[in-house]
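Just below is one structure, and these are the notes that go with it.
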Amino acid sequence: MAIREVIKMGDPRLLAASQPVAEFGSPELRSLLTDMQDTMLNLNGAGLAAPQIGVGLRVVIFGFQENPRYPGADSVPFTVLINPTLTPIGEIVDEGWEGCLSVPGMRGLVPRYRELRYTGFDAAGTPIDRTVKDFHARVVQHEVDHLDGILYPRRIRDLKDFGFSEALFPGEDLAED
Ligand code: NI
């Protein structure tokens, strides 16, 4: 159990495609998930993908309640999602502000599908199959992008909608990413 260093944009490991997990229930996978959870909670993050701690496996965690970094967003149940697949439902795309622990202190306006179905597995290899929308859908899309080597700034349509949190949202006292 350990808080790991979150690597930052510019590190080539964040640009690599991650590999599927082949074995569930292993001590290595349990240890990875514990470290990811400790790291995410320590930084008050809404989600974390394994590549962000330098592990190239298709593992993400997410979930939060009343996170000060996302005022007004609905809570999302804590979820371990391994080998995920995403299927958009409908074609409606919403723009929303995102941050990332690998891009600290910044926010960008990112288009994401409003609603989608996601499947995958939990830590024990039990299948997960959920249909979600709004912030829950946004968080999953952000985290799964990490597994394909995509950081949110690459999704921003107009780079005028990218900047430092303190300048974009003065006085809102958003927590550090
Ligand atoms: Ni991120």
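The values are calculated or read from the model by the stated rules, or taken from the named source; none is laboratory data. In this text, all values refer to a predicted model and were calculated from it rather than measured experimentally. With ideal geometry, Cβ positions are generated from the backbone for all residues, glycine too; neighbour counts draw on all protein chains shown.
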Note to self: Could you go through the range 51-58 and let me know if any residue there is within 29 Å of S165 (Cβ to Cβ), at pLDDT below 95 and within 15 Å of the ligand (Cβ to nearest atom).
What the structure shows: no
Notebook entry, point to check: Among the numbered criteria (1) loosely packed, with under 13 Cβ neighbours inside 10 Å; (2) of a type in the set (G, A, S); (3) closer than 18 Å to I128 by Cβ, which single criterion is violated by A50?
Noted result: (1)
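Quick one: which of L57, L81 is touching a helix residue (DSSP H, G or I) at 6+ places or on another chain (Cβ under 6 Å), buried (at least 19 other Cβ atoms within 10 Å of the Cβ) and among the aliphatic types (A, V, I, L, M)? Write out each step before concluding.
Numbers: L81 fails: touching a helix residue (DSSP H, G or I) at 6+ places or on another chain (Cβ under 6 Å).
Being touching a helix residue (DSSP H, G or I) at 6+ places or on another chain (Cβ under 6 Å), buried (at least 19 other Cβ atoms within 10 Å of the Cβ) and among the aliphatic types (A, V, I, L, M) holds for just one of L57, L81, which is L57.
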Notebook entry, point to check: Is it true that R138 is loosely packed, with under 15 Cβ neighbours inside 10 Å, assigned to a helix (DSSP H, G or I) and within 16 Å of the ligand (Cβ to nearest atom)?
Noted result: no
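Answer yes or no: is there a residue in the range 92-107 that is within 16 Å of the ligand (Cβ to nearest atom), in a loop (DSSP other than H, G, I, E, B), touching a residue at least 40 places away in the same chain (Cβ under 8 Å) and charged (D, E, K, R). Break it down stepwise before answering.
Taking the range 92-107 first, the residues within 16 Å of the ligand (Cβ to nearest atom) are 96-107.
In the following step, the residues that additionally are in a loop (DSSP other than H, G, I, E, B) were identified as 99-105.
Keeping just the survivors that are touching a residue at least 40 places away in the same chain (Cβ under 8 Å) gives 99-105.
Filter once more, so that each one left must be charged (D, E, K, R): none.
Scanning the range 92-107 turns up no residue that is within 16 Å of the ligand (Cβ to nearest atom), in a loop (DSSP other than H, G, I, E, B), touching a residue at least 40 places away in the same chain (Cβ under 8 Å) and charged (D, E, K, R).
Taking the options V6, V21, name whichever one is within 18 Å of N83 (Cβ to Cβ), of a type in the set (V, I, T) and surrounded by 13 or more Cβ atoms within 10 Å (Cβ to Cβ).
Numbers: V6 fails: within 18 Å of N83 (Cβ to Cβ).
Of the residues listed, the single one that is within 18 Å of N83 (Cβ to Cβ), of a type in the set (V, I, T) and surrounded by 13 or more Cβ atoms within 10 Å (Cβ to Cβ) is V21.
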